[in-house]
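Data first, discussion second: the structure below is written as structure tokens.
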């Protein structure tokens, strides 16, 4: 019998004799009562810790409190089970197995606390109160914490196997030999894993980004980046699942990381309004330079560019301050309305495709076919 449980038996033996009950039953009851008391006490303490953390200006104590609140309640019952194992004598094999299970449970509880802490840390680092982060910063945070989780999972798995009596060194040696055969059998899976790893390291995009590939029919918003495939939600709300190995061989655009959006339009006026072209171009450029939504630190051009088949064309080249797609189109609409108003204010009109037909009389056609001029 363990020393820790011998203390319980020695202290409770007189009470068991007085109540005329087996001392083992009384010890088990005492352990259960101790577990219940510890459960309530830990619940109160952690709840109080959580309230104190919410009142403080620090945010990381909230992460710690949230990570401890649930696993700590299970830890006290694990302690009760561990102490009660000392009551069983003569069943060494059972006790050994039970102790292995208890040690494994302790490892899993500690891993549970660590995983909850990592999850809370990710939520804290990406929370809105820390300000808006660039998508590559979000990708770095997610990638780093996911790699930490994977490393933690591997370490915990090895510790669990070691606690269950499995030879980890032999397992690792076998894994080195079997890895060759597995590598040939799972080439695509390995390629996708390495592709996912390159996404996390290079950070071409992250969850929430709008991406597109000019090489493939890929366009939409990234919903999840897994180790085997990436899920994209297309603009017609269909899920698109892409193996990660594809991204190592195609070009990917990330419009979500644009600094500006471009307005690039060509407008044509009639040939009879040629006298107004210079004034219209100057007025449109002045309007863009005074527009509150146009970024003057970027290229801004308004120039008469070509004599078209049925119009005199000038082009508008400018960048908006916003990158939001809906806001950009509202700004572009406002700019085009102002351009049309400027054209109308200068007495000009927007040209539309026209064709001039020269009609000849029947006599002119007969004379032309006979080679005789009527003039």
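Rank the residues 103, 236, 324 as a footprinting-exposure proxy: fewest other Cβ atoms within 10 Å of their Cβ go first.
If I rank by nearby Cβ atoms, fewest first, I get 236, 324, 103.
Taking neighbour counts of Cβ atoms within 10 Å as a proxy for exposure, in what order, fewest first, do 352, 193, 328 appear?
The fewest-first ordering by Cβ neighbours comes to 352, 193, 328.
What is the gain in length, in nm to one decimal, between residue 265 and residue 286 on full extension, counting 0.36 nm per residue of separation less the C-alpha to C-alpha distance?
Here the answer is 5.9 nm.
What is the gain in length, in nm to one decimal, between residue 219 and residue 70 on full extension, counting 0.36 nm per residue of separation less the C-alpha to C-alpha distance?
Here the answer is 49.5 nm.
In nanometres, what is the gap between the two model label sites at residue 127 and residue 110, each 7 Å from Cα along Cα-to-Cβ?
Between residue 127 and residue 110, the simple spin-label model gives 2.8 nm.
Cut-off 20 Å, label point 7 angstrom out along Cα-to-Cβ of residue 212: give me the residues of the range 232-246 whose amide nitrogen falls inside.
In the range 232-246, the label zone of residue 212 (backbone N under 20 Å from the point 7 Å along Cα→Cβ) covers 232-242.
Taking the number of other C-beta atoms within 10 Å as the exposure measure, put 313, 209, 188 in order starting with the fewest.
Ordered by Cβ neighbours within 10 Å, fewest first: 188, 313, 209.
Would you mind calculating the gained length between residue 240 and residue 146 on full extension (0.36 nm times residue separation, minus the Cα-Cα distance), in nm to one decimal?
31.6 nm
Work out the FRET efficiency for residue 338 and residue 188 from their Cβ-Cβ distance, taking R0 = 41 Å, and round it to the nearest 0.05.
E(calc), rounded to 0.05, equals 0.15.
Once label points are set 7 Å from the Cα along Cα→Cβ at both residue 231 and residue 117, what is their separation, rounded to one decimal in nm?
3.0
Tell me, what is the FRET efficiency for residue 350 and residue 250 to the nearest 0.05, using R0 = 45 angstrom and their Cβ-Cβ distance as r?
0.65
Which FRET efficiency, nearest 0.05, do residue 327 and residue 34 yield, Cβ-Cβ r, R0 56 Å?
The calculated FRET efficiency here is 0.35.
Values quoted throughout were computed directly from the atomic coordinates according to the rules given, and no laboratory measurement underlies them. Computed from a predicted model, the values in this text were never measured in an experiment. When we count neighbours, we look across all protein chains shown, and the Cβ atoms used for this are built from the backbone with ideal geometry, even at glycine.
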